[in-house]
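S.K.: Take a look at the following structure, please.
The values are calculated or read from the model by the stated rules, or taken from the named source; none is laboratory data. These numbers were taken from a predicted model, which means no experiment stands behind them. When we count neighbours, we look across all protein chains shown, and the Cβ atoms used for this are built from the backbone with ideal geometry, even at glycine.
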Amino acid sequence: MYEPQIMIIEDEKPLLSLYRFLLEKQGYNVITAADGREALHILAEHTPYLIFLDVRLPYISGLHILAYIRTQARFEQTRVIVNSCQKEYQHEPYVDEFILKPLLPQTVKTIASETFAQTRL
């Protein structure tokens with residue numbers, strides 16, 4: 001059976017661990033990447049249904065990853081939540097959903113539950 005995945009792309013390890021813990025505790029299948037290269041490598045093999053994407057990543061920026069996602073047909077249904085501590089990124093191309101850091105634990109859980117509730121309609 002197919003189990004939709006959530007991907008967290010975040011270079012701040014404490015945040016990455018916290019978000020993963022929160023989502024796995026809620027029963028979600030979570031995959032993670034701590035830098036841009038690792039994210040692209042994982043995205044070549046997986047098509048997550050929801051992605052939390054940090055903008056400022058080592059090696060390859062989150063904006064480049066977002067551009068890749070938005071130009072691949074297989075990610076058409078993927079919801080991407082872009083997050084950064086800098087507001088100006090919310091106006092970049094391909095950014096549909098932006099949240100200013102830090103993402104609060106309740107916000108992460110709410111976004112996930114809303115996203116997957118929509119798939120059951």
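S.K.: Do you know which of the residues in the range 103-121 that are among the aliphatic types (A, V, I, L, M) and in a loop (DSSP other than H, G, I, E, B) is modelled with the lowest pLDDT?
M.R.: Out of the qualifying residues, it is L121.
S.K.: For the list (1) farther than 14 Å from I8 by Cβ; (2) of a type in the set (A, V, I, L, M, F, W, C); (3) touching a Ser or Thr at 6+ places or on another chain (Cβ under 9 Å), I need the number of the one condition that A73 fails.
M.R.: Result: A73 fails condition (3) only.
S.K.: Also, quick follow-up: Show the residue pairs meeting these rules: Cβ distance below 7 Å; 6+ apart or different chains; first residue within the range 5-28 and closer than 17 Å to V80 by Cβ and without any contact (Cβ under 8 Å) to a residue 24 or more places away in the chain; second residue polar (S, T, N, Q) and buried (at least 17 other Cβ atoms within 10 Å of the Cβ).
M.R.: From residues that are closer than 17 Å to V80 by Cβ and without any contact (Cβ under 8 Å) to a residue 24 or more places away in the chain, the pairs are L16/T32.
S.K.: Out of T115, T71, T32, T107, I need the residue that is touching a residue at least 60 places away in the same chain (Cβ under 8 Å) and β-branched (V, I, T). Which one?
M.R.: Exactly one of T115, T71, T32, T107 is touching a residue at least 60 places away in the same chain (Cβ under 8 Å) and β-branched (V, I, T), namely T115.
S.K.: Looking only at the range 92-115, which residues are of a type in the set (D, E) and under 13 Å from the mean Cα position of the chain (by Cα)?
M.R.: Result: D96, E97.
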